[in-house]
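Since every read-out is calculated from the coordinates, none of them should be taken as a lab result. None of these values were measured; they are calculated from a predicted model. Because the Cβ atoms are built from the backbone with ideal geometry, glycine has one as well, and the counts that use them run over all protein chains shown.
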C-alpha cells in the first residue's frame, strides 16, 4: 500500500496485482448504496445529469494513494470515464434506479475559499486596530470602520438560491 501522491501513472507490471489488492481490500458489492448517503468515487455525465460510476470505502480511500484509486475505479467501472477525478458525492437514487450524484467537493471548495477570505479580512482588521489603538484609548471605542470584525456567520449567504 503505497502512500505517495505523485502523478506517475500506475506501473503496468503491477497493475493487475494492484487492482486485485484494492478489490480484495475494498470488497465491492458488500454494501447496498443508500439514498442521500455520501460516497467517495468517480462519476460520469449521462443525459444531462451526473451518474455514479464507481466508489470505494472510506477505509480503502485512506489506505491507497489517489492515482492508485483512480486506476482501480476507472477499470472497475462499467462505463468509460474521461479524465476521472475523485469526488465526495451525495447519492440520489431516482425512481428508475439511476444513481444520480451531487458533487460535494465543489461546495467544500467554496466554503474553504470563503473561510480563507474571512480569516484574511479579520487579520487585516486586527492589524489596523493595532495602529488605531490610540483612538480606542481616547474615545473608548474603535473607529466606525473597525468596530465589527468579519465573521463566518452569514458569510455564505451569497450562495443561497444560487446554482453555483
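Given in Å, the Rg to one decimal and the Dmax to the nearest whole number for the Cα atoms of the chain are 23.3, 75. A crude spin-label estimate for the pair residue 156 and residue 92, with each label 7 Å from Cα along the Cβ direction, gives 1.7 nm.
Arranged by the count of other C-beta atoms within 10 angstrom, fewest first, what order do 91, 159 take?
By the 10 Å Cβ count, ascending, the order reads 159, 91.
Note on residue 35 and residue 141: the extension gain reaches 32.9 nm, defined as 0.36 nm multiplied by sequence separation minus the Cα-Cα distance.
Looking at the range 15-104, I'd like the Rg to Rh ratio, where Rg is from alpha-carbon atoms and Rh is Kirkwood's inverse mean 1/r.
0.95
Model label points for residue 112 and residue 15, set 7 angstrom from Cα along the Cα-to-Cβ axis, are 3.0 nm apart. Computed from Cα positions, the angle between helix 104-131 and the longest principal axis of the chain comes to roughly 20 degrees.
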